[in-house]
Each structure stands twice: as structure tokens, then as C-alpha cells.
Amino acid sequence: MEASLVKSDGKTATLLLSGFKLSLVNALRRTIINSVNTLAIDDVTVYKNTSYMYDEILAARLGLVPIKTLSALSKSKKEVIFKLKETGPKVVHASDLICEDKDMVPVYPETLIINLKEGETIDLEAKAIFGKGSEHIKFSPAHAFYHFYPVIDIKKGAVKGASKIASLCPVDILEGSGDKLAVKKGRLPECILCKACEDYAGEDVIKISADEDKVIFELESWGQLELKDIIEQAIDTLGKEVKELSDKI
Ligand code: SF4
């Protein structure tokens, strides 16, 4: 079994997994989405709200603000309190949430919370706790999915309408000029196996299939945790759950 990093920009990562059982890959995907600890606002005490927005809607909005979660903190803290006190006219953003702990900041400070009109006031305290995606999706740290590794067979020799075929690719990995059709260098793993090219040109020109021994695993973090922390926590949790099951059997 082999795992390698195809590409990463810090927020997203593409991994190539070879020789892994699909059930294990799916278990990893589910564990990432459901069982990794992150911080999210879960309880809001509203002292004053003269805005047009109901308290409940305001609280639901705050719950969906991703908060930077340092994994070490989950061992030392149980909850983190944010304060928000503003009077309009003001556009209130996630960056206006104030926490005593300077490390506890919203991942996207420009997230809009509410647009207060002249004289409108909100004054509230929001408690963030650690939780998992299985309890509420707001705790989920990432979107994770996978697909088989693509295999693209292109007819040798001249291809009629090569540039038209290339233009149909939704992820732009084909290049066609004159009567030559090819996959752009290094872009093969990006093929999403949609078969738009094959449906148009026919199997005798371009044939799309999947190598079922290899899986492309895509991970997109919502920003609370670093990608490395998400994967490490998920593997750790999965290992513990398997051990617990085996002990019980
Ligand atoms: S199968 Fe879809 S994504 Fe893959 S090369 Fe063809 S058009 Fe592009």
C-alpha cells in the first residue's frame, strides 16, 4: 500500500492511494467528516438585540462561523467565550467577535454577521465548544471525497476534431491542436471520469476507464485545522475505533 501527495495549496490536498481496500478509504473519509474535534459556537446568550434579525437566526449564523482550532487546545480547554457588542450603523463581521484568547479567531474574518442600521444594537456572549461532525455538521473540519484513478486511451495517429474534443473537458486537462489530441502534462489525476470526451468522439477515439487499484483522495479543509492535523486526528481515531471493536469481539 502506498500513499503520496499529488498536490496541495494548504487548504486543499489531493492524495494518491494505491493498493488500499476501498472500504478503508471510505472509512477514512467518513472519519474525517464525522469524528475530528473542532471548535464551533454552540450557545449564545443575547443581552440586547434591537436589530431586524431574530436571536435564533443570529445564533445559527454565529454557529456556522469556522473558528481556528489548535488541536493542542482540545486537551486543555473545554470551551471558549466570544463577546460581540456593536451599535449601528455598522456592518458586523466575524472579525468583530472578541475573545480573550488571541489564538481563537474566526478563519474568515470578513464573514458577514449582520448589517446594523442607525441606532440598532447587539450585545451577546457566544460559547464555543469542541465537537464532532457526527453531532452537527458545523464541527466538521473538511469536505472529503474520492474517485478511482483515471485511465485515458487516445487513438494513435490523426484525431478528427481534436480541439473540439479538448474543449468539452470540464476540467480542461485535454489539449487538441490540428489532428493531435493529448492529456496535458501532469494533469491526468484531475480527470473526473465524466466521459464527456468519449461520449462526443466515441470509444474508438478516446476511451475512459478507471484503475480500481488506485484512488484519488480529495480533501478540502474548512479552515479550523491544518490538513495534516485533520488526517492525523482521523487516522488516530480510526485506529482507536478498530482496536475497540477488536477488543469487544
Ligand atoms: S472523462 Fe471528462 S474529465 Fe476526463 S478527460 Fe474526458 S472530458 Fe475530461
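The values are calculated or read from the model by the stated rules, or taken from the named source; none is laboratory data. Keep in mind it's a predicted model, so treat the numbers as computed, not measured. Every residue, glycine as well, gets a Cβ built from its backbone with ideal geometry; the counts of neighbours run over all protein chains shown. Heavy atoms of the whole protein, side chains included, go into the accessibility calculation; ligands, DNA and RNA do not. Shrake-Rupley method; radii C 1.70, N 1.55, O 1.52, S 1.80 Å.
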Here the residues within region 35-74 that are assigned to a helix (DSSP H, G or I), among the hydrophobic types (A, V, I, L, M, F, W, C) and at pLDDT 95 or above are Ile57, Leu58, Ala59, Ala60, Leu62
Those residues of region 34-53 that are β-branched (Val, Ile, Thr) and touching a Pro at 6+ places or on another chain (Cβ under 8 Å) come to a total of 2
Please go through (1) in contact (Cβ under 8 Å) with a residue 40 or more places away in the chain; (2) open to solvent by 50 Å² or more (accessible area, probe 1.4 Å) for Glu56 and return the number of the only condition it doesn't satisfy.
(1)
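Per-residue answers, yes or no, for (1) aromatic (Phe, Trp, Tyr); (2) surrounded by fewer than 16 Cβ atoms within 10 Å (Cβ to Cβ); (3) within 26 Å of Leu28 (Cα to Cα); (4) touching a helix residue (DSSP H, G or I) at 6+ places or on another chain (Cβ under 8 Å):
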position	(1), (2), (3), (4)
Val46	no, no, no, yes
Leu62	no, no, no, no
Leu84	no, no, no, yes
Cys99	no, no, no, no
Tyr108	yes, yes, no, yes
Ile113	no, no, no, yes
Gly119	no, yes, no, no
Residues of region 7-24 being exposed (fewer than 15 other Cβ atoms within 10 Å of the Cβ) and in a strand (DSSP E or B), which ones?
Lys7, Ser8, Thr12, Ser18
With criteria (1) over 22 Å from the mean Cα position of the chain (by Cα); (2) in contact (Cβ under 8 Å) with a residue 12 or more places away in the chain; (3) in a strand (DSSP E or B), Glu175 comes up short on (2)
Could you grab me the full set of residues in region 206-232 that are open to solvent by less than 50 Å² (accessible area, probe 1.4 Å) and either in a loop (DSSP other than H, G, I, E, B) or under 20 Å from Lys21 (Cα atoms) (or both)?
Ser209, Ala210, Asp211, Val215, Ile216, Phe217, Glu218, Leu219, Gly223, Gln224, Leu225, Ile231
Scan region 121-172 for residues that are of a type in the set (A, V, I, L, M), under 28 Å from the mean Cα position of the chain (by Cα) and either crowded, with 20+ Cβ neighbours inside 10 Å or within 16 Å of the ligand (Cβ to nearest atom) (or both) and jot them down.
Ala126, Ala128, Ala142, Ala144, Val151, Ile152, Leu168, Val171
Those residues of region 188-205 that are near the ligand (Cβ under 9 Å from one of its atoms) and either modelled with pLDDT of 95 or more or part of a loop (DSSP other than H, G, I, E, B) (or both) come to a total of 10
With Asp199, Asp213 as the choices, which residue is in contact (Cβ under 8 Å) with a residue 40 or more places away in the chain and of a type outside the set (A, V, I, L, M, F, W, C)?
Asp213
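Scan region 174-187 for residues that are open to solvent by 30 Å² or more (accessible area, probe 1.4 Å) and either within 11 Å of the ligand (Cβ to nearest atom) or in contact with a strand residue (DSSP E or B) (Cβ under 6 Å, 6 or more places away or on another chain) (or both) and jot them down. Before the answer, list the steps.
Going residue by residue through region 174-187, those that are open to solvent by 30 Å² or more (accessible area, probe 1.4 Å) are 175, 177-180, 182-187.
Of everything in region 174-187, those that are open to solvent by 30 Å² or more (accessible area, probe 1.4 Å) and either within 11 Å of the ligand (Cβ to nearest atom) or in contact with a strand residue (DSSP E or B) (Cβ under 6 Å, 6 or more places away or on another chain) (or both) turn out to be Glu175, Ala182, Val183, Lys184, Arg187.
Please verify whether region 117-135 includes one or more residues that are free of Cβ contacts under 8 Å to residues at least 60 places away in the same chain and part of a strand (DSSP E or B).
Residues of region 117-135 that are free of Cβ contacts under 8 Å to residues at least 60 places away in the same chain, as a first pass: 118, 135.
Going one step further and asking which of them are part of a strand (DSSP E or B), we end up with none.
The answer is no, given that none of the residues of region 117-135 is free of Cβ contacts under 8 Å to residues at least 60 places away in the same chain and part of a strand (DSSP E or B).
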